[in-house]
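Please read the structure below before turning to the comments.
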Amino acid sequence: MDVWHTIKDNQVIKNLIPMPLDTPVHPDKVRFVCISDTHSNGKSLEKIPEGDVFIHAGDFTRIGKVQEVEDFNHFLGTLPHRHKIVIAGNHEVTFDEKFFSMSGSLKSNSHLSKEMMENCRIALEKKNKSKMSDLLTKCLYLQDSETVVYGLRIYGSPWQPEFHSWGFNCKRGEDIMKKWNKIPEGIDVLVTHGPPLGRGDICVSERHEGCADLLTTVQQRVRPKFHIFGHIHEGRDLDLNPDEGFSSDGVTTYINASLLDRSYKAKYPPVIFDIPLPPGMTKEC
(Lines give C-alpha, C1' and ligand atoms only; values in the text may rest on other atoms or scores of the structure.)
Protein backbone atom coordinates (compact mmCIF):
# COMPACT_ATOMS: atom_id res chain seq x y z
CA MET A 1 0.00 0.00 0.00
CA ASP A 2 1.41 3.43 -0.94
CA VAL A 3 1.80 6.31 1.50
CA TRP A 4 -1.22 8.23 0.23
CA HIS A 5 -3.63 5.43 1.03
CA THR A 6 -2.35 5.31 4.60
CA ILE A 7 -2.97 9.03 5.22
CA LYS A 8 -5.79 10.10 2.89
CA ASP A 9 -8.58 9.41 5.39
CA ASN A 10 -7.04 12.01 7.70
CA GLN A 11 -6.67 14.63 4.99
CA VAL A 12 -9.03 17.57 4.56
CA ILE A 13 -9.60 18.00 0.82
CA LYS A 14 -11.87 20.77 -0.37
CA ASN A 15 -12.02 20.97 -4.15
CA LEU A 16 -11.94 24.55 -5.39
CA ILE A 17 -12.98 26.42 -8.51
CA PRO A 18 -10.35 28.79 -9.91
CA MET A 19 -11.09 32.51 -10.12
CA PRO A 20 -12.29 33.61 -13.58
CA LEU A 21 -9.39 35.13 -15.47
CA ASP A 22 -11.35 38.29 -16.22
CA THR A 23 -11.88 39.08 -12.53
CA PRO A 24 -10.94 42.77 -12.05
CA VAL A 25 -7.75 43.55 -10.14
CA HIS A 26 -8.61 45.29 -6.85
CA PRO A 27 -6.51 48.10 -5.35
CA ASP A 28 -6.63 46.56 -1.86
CA LYS A 29 -5.65 43.03 -2.94
CA VAL A 30 -2.50 41.60 -4.48
CA ARG A 31 -3.30 39.72 -7.70
CA PHE A 32 -1.08 36.72 -8.34
CA VAL A 33 -0.85 35.20 -11.83
CA CYS A 34 0.63 31.70 -11.84
CA ILE A 35 1.83 29.36 -14.56
CA SER A 36 4.17 26.37 -14.76
CA ASP A 37 5.52 23.82 -17.22
CA THR A 38 5.42 25.84 -20.43
CA HIS A 39 8.49 24.12 -21.92
CA SER A 40 9.29 26.78 -24.53
CA ASN A 41 5.79 26.36 -25.96
CA GLY A 42 4.99 29.84 -27.28
CA LYS A 43 1.28 29.15 -27.60
CA SER A 44 0.99 28.52 -23.86
CA LEU A 45 2.30 32.04 -23.20
CA GLU A 46 -0.07 33.95 -25.47
CA LYS A 47 -2.72 35.00 -22.96
CA ILE A 48 -1.33 35.96 -19.57
CA PRO A 49 -3.84 37.82 -17.34
CA GLU A 50 -3.05 41.16 -15.77
CA GLY A 51 -1.91 41.22 -12.17
CA ASP A 52 0.62 42.46 -9.66
CA VAL A 53 2.82 39.37 -9.21
CA PHE A 54 3.65 36.87 -11.95
CA ILE A 55 4.94 33.45 -10.87
CA HIS A 56 6.39 30.65 -12.99
CA ALA A 57 6.87 27.40 -11.06
CA GLY A 58 9.53 25.88 -13.31
CA ASP A 59 10.05 23.95 -16.54
CA PHE A 60 10.00 27.06 -18.71
CA THR A 61 12.36 25.31 -21.16
CA ARG A 62 12.56 21.89 -22.71
CA ILE A 63 16.13 21.18 -21.69
CA GLY A 64 17.70 24.39 -20.40
CA LYS A 65 19.57 25.55 -23.50
CA VAL A 66 20.87 29.11 -23.59
CA GLN A 67 18.56 30.13 -26.42
CA GLU A 68 15.53 28.70 -24.62
CA VAL A 69 16.39 30.66 -21.48
CA GLU A 70 16.99 33.85 -23.43
CA ASP A 71 13.70 33.45 -25.27
CA PHE A 72 11.90 33.01 -21.96
CA ASN A 73 13.67 36.04 -20.53
CA HIS A 74 12.52 38.09 -23.53
CA PHE A 75 8.95 36.94 -22.91
CA LEU A 76 9.23 38.01 -19.27
CA GLY A 77 10.29 41.45 -20.45
CA THR A 78 7.01 41.85 -22.34
CA LEU A 79 4.87 41.27 -19.24
CA PRO A 80 3.43 44.30 -17.44
CA HIS A 81 3.43 42.73 -13.96
CA ARG A 82 5.43 44.74 -11.46
CA HIS A 83 6.95 41.66 -9.85
CA LYS A 84 7.99 38.54 -11.77
CA ILE A 85 9.19 35.52 -9.81
CA VAL A 86 10.62 32.37 -11.38
CA ILE A 87 11.99 29.06 -10.12
CA ALA A 88 13.62 26.28 -12.12
CA GLY A 89 12.18 22.83 -12.73
CA ASN A 90 13.67 19.47 -13.56
CA HIS A 91 13.91 20.37 -17.26
CA GLU A 92 16.23 23.29 -16.45
CA VAL A 93 19.08 20.79 -16.26
CA THR A 94 21.71 23.46 -16.83
CA PHE A 95 20.53 25.37 -13.74
CA ASP A 96 21.43 22.40 -11.51
CA GLU A 97 25.03 22.87 -10.43
CA LYS A 98 25.51 19.16 -9.73
CA PHE A 99 26.14 18.75 -13.46
CA PHE A 100 29.25 20.89 -13.04
CA SER A 101 31.92 19.36 -10.81
CA MET A 102 33.95 21.44 -8.38
CA SER A 103 36.87 21.39 -10.81
CA GLY A 104 34.72 22.95 -13.53
CA SER A 105 34.58 19.82 -15.68
CA LEU A 106 31.20 18.96 -17.11
CA LYS A 107 28.98 15.97 -16.51
CA SER A 108 26.48 14.77 -19.07
CA ASN A 109 23.18 13.05 -18.49
CA SER A 110 20.75 11.20 -20.72
CA HIS A 111 19.02 14.43 -21.71
CA LEU A 112 21.89 16.84 -22.27
CA SER A 113 25.14 15.60 -23.78
CA LYS A 114 28.53 16.71 -22.58
CA GLU A 115 28.98 18.57 -25.86
CA MET A 116 25.73 20.49 -25.34
CA MET A 117 26.74 21.34 -21.78
CA GLU A 118 30.09 22.58 -23.04
CA ASN A 119 28.31 24.75 -25.59
CA CYS A 120 26.22 26.23 -22.77
CA ARG A 121 29.33 27.05 -20.77
CA ILE A 122 31.05 28.67 -23.76
CA ALA A 123 27.95 30.76 -24.44
CA LEU A 124 27.86 31.90 -20.81
CA GLU A 125 31.53 32.89 -20.93
CA LYS A 126 30.94 34.94 -24.07
CA LYS A 127 28.10 36.74 -22.32
CA ASN A 128 30.23 37.24 -19.20
CA LYS A 129 27.78 35.21 -17.10
CA SER A 130 28.82 32.72 -14.44
CA LYS A 131 25.67 30.61 -14.30
CA MET A 132 22.52 30.00 -16.31
CA SER A 133 20.22 31.86 -13.93
CA ASP A 134 22.22 35.03 -14.67
CA LEU A 135 20.47 35.05 -18.05
CA LEU A 136 17.16 35.75 -16.31
CA THR A 137 17.42 39.53 -16.11
CA LYS A 138 13.70 40.31 -16.32
CA CYS A 139 12.60 38.55 -13.15
CA LEU A 140 13.67 37.53 -9.66
CA TYR A 141 14.98 33.97 -9.70
CA LEU A 142 14.48 32.03 -6.48
CA GLN A 143 16.35 28.86 -5.56
CA ASP A 144 15.95 27.84 -1.94
CA SER A 145 15.40 31.51 -1.18
CA GLU A 146 12.65 34.02 -0.49
CA THR A 147 11.55 37.51 -1.34
CA VAL A 148 8.99 39.94 0.06
CA VAL A 149 6.53 41.81 -2.15
CA TYR A 150 3.78 44.05 -0.81
CA GLY A 151 4.60 42.73 2.65
CA LEU A 152 3.96 39.12 1.56
CA ARG A 153 6.68 36.49 1.88
CA ILE A 154 7.30 34.23 -1.13
CA TYR A 155 9.69 31.26 -1.10
CA GLY A 156 10.84 29.25 -4.10
CA SER A 157 12.47 25.82 -4.43
CA PRO A 158 13.10 23.71 -7.58
CA TRP A 159 13.54 20.26 -6.03
CA GLN A 160 11.45 17.12 -6.42
CA PRO A 161 11.81 13.41 -5.57
CA GLU A 162 14.04 11.55 -8.02
CA PHE A 163 12.55 11.72 -11.49
CA HIS A 164 14.60 9.83 -14.10
CA SER A 165 17.92 11.68 -14.64
CA TRP A 166 16.58 15.21 -14.83
CA GLY A 167 17.79 18.15 -12.78
CA PHE A 168 17.08 19.00 -9.15
CA ASN A 169 16.48 15.39 -8.12
CA CYS A 170 16.61 14.30 -4.50
CA LYS A 171 16.09 10.91 -2.93
CA ARG A 172 12.90 10.65 -0.91
CA GLY A 173 13.34 10.81 2.83
CA GLU A 174 16.33 12.40 4.54
CA ASP A 175 17.88 13.74 1.32
CA ILE A 176 14.89 15.79 0.22
CA MET A 177 13.99 16.78 3.77
CA LYS A 178 17.26 18.73 3.87
CA LYS A 179 15.76 20.92 1.14
CA TRP A 180 12.32 21.27 2.74
CA ASN A 181 13.88 22.11 6.11
CA LYS A 182 15.25 25.27 4.51
CA ILE A 183 11.72 26.61 4.02
CA PRO A 184 11.10 29.12 6.82
CA GLU A 185 7.89 29.37 8.77
CA GLY A 186 5.62 32.32 8.09
CA ILE A 187 5.76 32.07 4.30
CA ASP A 188 2.62 33.36 2.58
CA VAL A 189 3.16 31.84 -0.87
CA LEU A 190 5.28 28.72 -1.33
CA VAL A 191 6.45 27.90 -4.85
CA THR A 192 7.95 24.47 -5.53
CA HIS A 193 8.32 22.71 -8.83
CA GLY A 194 7.07 19.36 -7.61
CA PRO A 195 3.71 18.82 -5.90
CA PRO A 196 3.08 17.60 -2.38
CA LEU A 197 1.62 14.14 -2.05
CA GLY A 198 -2.06 13.85 -2.90
CA ARG A 199 -2.58 17.33 -4.37
CA GLY A 200 -2.80 17.46 -8.16
CA ASP A 201 -0.10 14.79 -8.40
CA ILE A 202 -1.69 11.79 -10.11
CA CYS A 203 0.20 11.03 -13.33
CA VAL A 204 -0.81 9.02 -16.38
CA SER A 205 0.17 5.77 -14.61
CA GLU A 206 -2.53 6.69 -12.04
CA ARG A 207 0.08 6.86 -9.29
CA HIS A 208 0.54 9.69 -6.82
CA GLU A 209 3.97 11.16 -7.61
CA GLY A 210 3.92 13.98 -5.04
CA CYS A 211 6.29 14.24 -2.11
CA ALA A 212 5.04 13.04 1.27
CA ASP A 213 7.76 14.95 3.10
CA LEU A 214 6.76 18.16 1.35
CA LEU A 215 3.12 17.64 2.35
CA THR A 216 4.18 17.12 5.97
CA THR A 217 6.37 20.23 5.86
CA VAL A 218 3.56 22.33 4.42
CA GLN A 219 0.82 21.11 6.74
CA GLN A 220 2.69 20.71 10.02
CA ARG A 221 5.25 23.52 9.96
CA VAL A 222 5.16 26.12 7.17
CA ARG A 223 1.37 26.38 6.68
CA PRO A 224 1.44 28.90 3.81
CA LYS A 225 -1.68 30.55 2.46
CA PHE A 226 -0.94 29.21 -1.02
CA HIS A 227 1.27 26.47 -2.41
CA ILE A 228 2.01 26.77 -6.15
CA PHE A 229 3.63 23.95 -8.13
CA GLY A 230 3.60 22.06 -11.45
CA HIS A 231 5.75 19.17 -12.71
CA ILE A 232 2.87 16.70 -13.09
CA HIS A 233 1.02 18.02 -16.15
CA GLU A 234 -1.77 15.49 -15.68
CA GLY A 235 -2.44 17.04 -12.28
CA ARG A 236 -4.93 19.31 -14.05
CA ASP A 237 -6.62 16.46 -15.93
CA LEU A 238 -10.12 15.89 -14.55
CA ASP A 239 -10.09 12.26 -15.66
CA LEU A 240 -7.12 11.55 -13.38
CA ASN A 241 -7.38 14.21 -10.67
CA PRO A 242 -10.90 14.95 -9.40
CA ASP A 243 -9.71 18.25 -7.91
CA GLU A 244 -8.18 19.33 -11.27
CA GLY A 245 -5.15 20.52 -9.35
CA PHE A 246 -7.04 22.95 -7.07
CA SER A 247 -7.77 22.09 -3.47
CA SER A 248 -7.55 23.31 0.12
CA ASP A 249 -6.92 21.65 3.45
CA GLY A 250 -8.58 24.54 5.29
CA VAL A 251 -5.28 26.37 5.81
CA THR A 252 -3.38 26.11 2.53
CA THR A 253 -4.70 26.36 -1.00
CA TYR A 254 -2.86 24.01 -3.37
CA ILE A 255 -2.55 24.95 -7.05
CA ASN A 256 -1.07 22.93 -9.88
CA ALA A 257 -0.33 25.67 -12.42
CA SER A 258 0.88 23.49 -15.33
CA LEU A 259 -0.22 24.82 -18.72
CA LEU A 260 0.68 21.85 -20.94
CA ASP A 261 -0.91 18.43 -21.03
CA ARG A 262 1.07 15.21 -20.89
CA SER A 263 1.66 15.46 -24.66
CA TYR A 264 3.28 18.87 -24.16
CA LYS A 265 0.42 20.65 -25.91
CA ALA A 266 -0.94 23.93 -24.55
CA LYS A 267 -4.21 23.04 -22.83
CA TYR A 268 -4.74 24.66 -19.44
CA PRO A 269 -5.14 28.36 -18.59
CA PRO A 270 -3.08 30.33 -16.07
CA VAL A 271 -4.31 30.50 -12.48
CA ILE A 272 -5.01 33.71 -10.58
CA PHE A 273 -5.72 34.42 -6.94
CA ASP A 274 -5.81 37.41 -4.60
CA ILE A 275 -4.35 38.05 -1.17
CA PRO A 276 -5.50 41.14 0.74
CA LEU A 277 -2.78 43.72 1.24
CA PRO A 278 -1.34 43.51 4.78
CA PRO A 279 -2.27 46.40 7.09
CA GLY A 280 -0.34 49.54 6.27
CA MET A 281 0.80 48.28 2.87
CA THR A 282 -0.07 49.75 -0.50
CA LYS A 283 0.77 48.68 -4.02
CA GLU A 284 3.27 51.52 -4.15
CA CYS A 285 5.44 49.71 -1.61
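The values are calculated or read from the model by the stated rules, or taken from the named source; none is laboratory data. Predicted model, so just to flag it, every value in this text is computed and none were measured. For neighbour counting, all protein chains shown are included, and Cβ atoms are generated from backbone atoms with ideal geometry for every residue, glycine included. These area figures cover heavy atoms from the full protein model, side chains too; ligands, DNA and RNA do not enter into them. Shrake-Rupley method; radii C 1.70, N 1.55, O 1.52, S 1.80 Å.
Side notes on the structure shown:
- Among the residues of the stretch 168-181, some residue qualifies, meaning at least one is open to solvent by less than 60 Å² (accessible area, probe 1.4 Å), more than 21 Å from HIS81 (Cβ to Cβ), touching a residue at least 60 places away in the same chain (Cβ under 8 Å) and not basic (Lys, Arg).
- Search result, residues across the stretch 140-150 that are open to solvent by 40 Å² or more (accessible area, probe 1.4 Å) and closer than 20 Å to ASP274 by Cβ: VAL148
- Lone unmet requirement of (1) of a type outside the set (Asp, Glu); (2) over 18 Å from SER145 (Cα atoms); (3) open to solvent by 10 Å² or more (accessible area, probe 1.4 Å); (4) over 16 Å from the mean Cα position of the chain (by Cα) for PRO184: (2)
- Out of THR137, THR216, sole residue that is under 16 Å from THR252 (Cα atoms), surrounded by fewer than 21 Cβ atoms within 10 Å (Cβ to Cβ) and hydroxyl-bearing (Ser, Thr, Tyr): THR216
- Which listed residue, of GLY194, GLY250, is open to solvent by less than 10 Å² (accessible area, probe 1.4 Å) and not in a strand (DSSP E or B): GLY194
- When residues of the stretch 219-243 are limited to those that are touching a Phe, Trp or Tyr at 6+ places or on another chain (Cβ under 9 Å) and of a type in the set (Val, Ile, Thr), the one surrounded by the most Cβ atoms within 10 Å (Cβ to Cβ): ILE228
- Some residue of the stretch 231-238 being farther than 19 Å from THR147 by Cβ, in contact with a Ser or Thr (Cβ under 8 Å, 6 or more places away or on another chain) and among the β-branched types (Val, Ile, Thr): yes
- Residues that are in a loop (DSSP other than H, G, I, E, B), crowded, with 19+ Cβ neighbours inside 10 Å and within 17 Å of the chain's Cα centre (by Cα), drawn from the stretch 253-278: ALA257, LEU259, TYR268, PRO270
- Residues in the stretch 1-36 that are open to solvent by less than 60 Å² (accessible area, probe 1.4 Å), assigned to a helix (DSSP H, G or I) and over 24 Å from ASP59 (Cβ atoms): ILE7 only.
- Evaluated against (1) part of a loop (DSSP other than H, G, I, E, B); (2) open to solvent by 20 Å² or more (accessible area, probe 1.4 Å); (3) of a type in the set (Gly, Ala, Ser), GLY64 falls short on exactly one condition, (2).
- For the stretch 42-61, a residue qualifies if it is at pLDDT below 95 and either within 16 Å of the chain's Cα centre (by Cα) or in a strand (DSSP E or B) (or both), and the qualifying residues are SER44, LEU45.
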